[in-house]
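The values are calculated or read from the model by the stated rules, or taken from the named source; none is laboratory data. Predicted, not measured: the structure shown is a model, and the values here were computed from it. In this analysis, Cβ positions are derived from the backbone assuming ideal geometry, glycine residues included, and neighbour counts consider all displayed protein chains. Keep in mind that these areas ignore ligands, DNA and RNA; they rest on the heavy atoms of the full protein, side chains included. Shrake-Rupley method; radii C 1.70, N 1.55, O 1.52, S 1.80 Å.
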Amino acid sequence: MSIFATKSIEQIKTEQLGSGEGGLKRVLGPGQLVMLGVGAIIGTGIFVLTGQAAAANAGPAIVLSMVIAGLTSVLAALCYSEFAATVPVAGSAYTYAYATLGEFIAWVIGWDLILEYALGAATVAVGWSGNFVTLLHQLGLSFPAAVSAAPGTVVQLAGGMGTSVAVFNLPAVFITLAVTLLLIVGVSESASVNAVIVVIKVAIVLVVIGAGALFIVPANWHPFIPPNTGTFGEYGWSGVLRGAGVIFFAYIGFDAVSTSAQEARDPQRDMPRGILGSLAVCTVLFVLVSGVMVGIVPYRQMLNQPAPLVIAIEAAAGRAAGTSWAPLMNGLTVLLTVGAIAALSSVMVVMMLAQPRIFLAMANDRLLPAWAARIHPRFKTPHVSTIVTGVVVAIAAGLTPIATLGTLVSIGTLMAFVIVSIGVIVLRRTRPDLPRPFRMPWVPVLPALSALIAFILMLGLPRATWERLIIWMVIGIAIYFGYGYRRSRLRAPVTTASAIHN
């Protein structure tokens with residue numbers, strides 16, 4: 001049987017949904033899905049990586065980078081919405097690829113999604129750690145510099161008392177293990193915790209936009225697009241392009257909503273609402289926040305800073321000294337750090353919620369071992385794969401710098417977008433009769449445009465990121481041909497129950 005053999009939509013639904021016994025609980029409504037999306041999107045990208053991309057790539061034109069990344073996300077979100085409504089089961093882009101482009105491409109995208117969600121969660125954990133240490137310093141407390149960042153990272157000591165070289169990122173490991181335990185307990189409980197956090201962080205972001213706008217220095221916006229240094233990606237229009245690729249991480253999250261389709265109460269109606277609703281809210285907030293941030297602080301001052309928004313608000317607080325705004329701005333610096341910690345916590349919940357469900361879908365197809373498909377008898381969650389995900393994320397977060405993790409996650413996500421966009425075109429031609437509760441407009445033009453823009457953003461990322469992606473994919477392909485190809489459900493048909501217990 002060809003490695004490009006596909007499974008019908010009906011077969012996928014039967015295998016994953018079955019009789020409904022022993023499966024995932026349908027507990028998520030449209031509001032919770034929107035909250036999950038917002039919870040995943042507003043996080044490391046806006047609180048951490050936006051400052052880095054402005055300082056190293058786009059300058060004040062980071063606003064344009066945000067718009068480009070947002071446009072790409074809207075196009076991809078329309079593709080995801082059609083698929084999520086048509087194929088309302090776990091697996092996200094992996095399942096969609098299996099139905100349209102074949103098993104091998106499905107494996108490639110599933111392996112790619114492991115890179116996106118696992119390393120994405122690790123990236124967020126590192127950002128959480130940076131803000132946690134910043135909060136302790138704001139409260140007059142100290143944290144051992146040696147265990148506050150990735151090995152080899154030069155850490156500024158509290159009070160400006162010199163520097164130290166870190167050997168391990170302990171706070172990042174701590175938050176990873178805490179989120180892992182929460183997700184084992186249950187998706188409904190996790191979603192409720194996430195909803196509370198989302199309300200808090202959106203409110204804080206709105207306050208930052210409103211208060212920060214009062215202390216903008218227009219000169220910081222000039223030149224809006226700094227001249228290129230002679231190196232691709234360092235300012236100029238190439239910097240805007242690379243900045244869009246780097247901060248694309250900021251928009252990751254709406255696709256994580258699609259991995260929860262099997263836990264949505266009415267997926268055909270609610271999945272498009274959750275995906276598009278969360279993206280619309282966040283795009284507006286991102287453009288405003290990035291514009292305010294580079295308007296308050298010269299963009300070069302945010303290079304390699306773990307909490308650039310905090311730096312911007314601290315600068316605004318300095319300008320407010322002696323005015324009636326001083327108490328508010330001084331309190332806002334601590335409030336913003338707390339909000340960032342809450343924001344990053346909710347992002348980790350959603351990303352680490354998504355990863356085990358990719359494992360679940362791949363294991364049900366017997367492309368991964370049966371343990372990845374086991375469901376906890378009481379909590380009805382994929383507990384084994386959640387624990388494995390937590391361990392891997394903890395190791396990556398404790399040992400890897402945030403810049404390396406962030407670009408890897410961005411290229412992995414963009415690759416997923418390319419495949420999903422092409423899949424919409426293929427499925428429209430191969431299954432025009434399939435019921436589509438949500439239909440993407442202007443097919444094939446918009447899906448083709450979505451794939452093209454996502455690929456262009458991939459090309460704008462650094463060469464080292466491409467090299468790491470290629471190495472990761474070579475490992476994944478070796479595992480497929482060494483394990484998954486021979487055991488695939490398509491080659492050795494079994495029942496879902498046998499696949500899980502054998």
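Couple of notes before you dig in:
- Summed over region 207-221, the residues that are in contact (Cβ under 8 Å) with a residue 40 or more places away in the chain and either among the hydroxyl-bearing types (Ser, Thr, Tyr) or open to solvent by 20 Å² or more (accessible area, probe 1.4 Å) (or both) give a count of 10.
- Unique match (being over 23 Å from Ile296 (Cβ atoms) and touching a Ser or Thr at 6+ places or on another chain (Cβ under 8 Å)) among Leu135, Leu71, Leu78, Leu115: Leu78
- Any hit, region 443-457, residues being closer than 30 Å to Gly130 by Cβ and either touching a helix residue (DSSP H, G or I) at 6+ places or on another chain (Cβ under 6 Å) or part of a helix (DSSP H, G or I) (or both): yes
- Here Leu328 passes the criteria (1) more than 28 Å from Leu36 (Cβ to Cβ); (2) in a loop (DSSP other than H, G, I, E, B); (3) not hydroxyl-bearing (Ser, Thr, Tyr) except the one numbered (2).
- Qualifying residues in region 222-251 (those that are among the small types (Gly, Ala, Ser) and over 25 Å from the mean Cα position of the chain (by Cα)) - the one least open to solvent (accessible area, probe 1.4 Å): Gly236
- Single match in Ala343, Ala372 (criterion: assigned to a helix (DSSP H, G or I), open to solvent by less than 10 Å² (accessible area, probe 1.4 Å), of a type in the set (A, V, I, L, M) and closer than 19 Å to Ile114 by Cα): Ala372
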